Amino acid sequence: MKSAYELAMERFGGSVQQFSAEQKEQLSEVERVYEAKIAQAKFAAGARLEACHGDPEKTTQVQADLVVELRSLETRRERKKEDLRNEFKRS
């Protein structure tokens, strides 16, 4: 049975790349590493928020910093996964 993604790719003329179990594991490892980094960033931001003692200006800055850091981590995660996918195509 094909996934909705596979059906959509066929409909629009794209191709679906099949990955080996080892390749899927490599992609999963990237996902796990970056999920851990995201959790660490959130935990650290929580500690910094507590240290703000309710100061609205500092609280806003910590929250803004967290948004930037999360966006950066997500971008790096996707770039790393895309690099792996490209490497798999060349193999």
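GLU87 - would you say it is closer than 30 Å to SER20 by Cβ and either touching a strand residue (DSSP E or B) at 6+ places or on another chain (Cβ under 8 Å) or not hydrophobic (A, V, I, L, M, F, W, C) (or both)? For GLU87, the condition - closer than 30 Å to SER20 by Cβ and either touching a strand residue (DSSP E or B) at 6+ places or on another chain (Cβ under 8 Å) or not hydrophobic (A, V, I, L, M, F, W, C) (or both) - is met. Annotation note: of SER28, SER72, the sole residue that is under 27 Å from SER91 (Cβ atoms) and hydroxyl-bearing (Ser, Thr, Tyr) is SER28. Only one of LEU7, LEU70, LEU66, LEU84 is within 11 Å of the chain's Cα centre (by Cα) and hydrophobic (A, V, I, L, M, F, W, C). Can you tell me which? Going through LEU7, LEU70, LEU66, LEU84 in turn, the sole match is LEU70.
Of the residues making up segment 1-58, those that are basic (Lys, Arg) and at pLDDT 95 or above are ARG32, LYS37, LYS42, ARG48, LYS58.
Within segment 2-25, residues that are within 23 Å of LYS80 (Cβ to Cβ) sit with their Cβ atoms under 8 Å from residues that are modelled with pLDDT of 75 or more and surrounded by 10 or more Cβ atoms within 10 Å (Cβ to Cβ), at 6+ positions apart or across chains, in these pairs: GLN17/ARG85; GLN17/PHE88; PHE19/LEU27; PHE19/PHE88; GLN23/LEU84; GLN23/PHE88.
Per-residue answers, yes or no, for (1) free of Cβ contacts under 8 Å to residues at least 12 places away in the same chain; (2) surrounded by fewer than 15 Cβ atoms within 10 Å (Cβ to Cβ); (3) not in a loop (DSSP other than H, G, I, E, B):
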residue: GLU31; (1), (2), (3): no, yes, yes
residue: ALA36; (1), (2), (3): yes, yes, yes
residue: GLN40; (1), (2), (3): yes, yes, yes
residue: ALA44; (1), (2), (3): yes, yes, yes
residue: ARG48; (1), (2), (3): no, no, yes
residue: GLU57; (1), (2), (3): yes, yes, yes
residue: GLN63; (1), (2), (3): no, yes, yes
residue: VAL67; (1), (2), (3): yes, yes, yes
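The values are calculated or read from the model by the stated rules, or taken from the named source; none is laboratory data. Being a predicted model, the structure only gives us computed values, none of them experimental. Cβ sites come from the backbone with ideal geometry, for glycine too, and all protein chains shown count toward neighbours.
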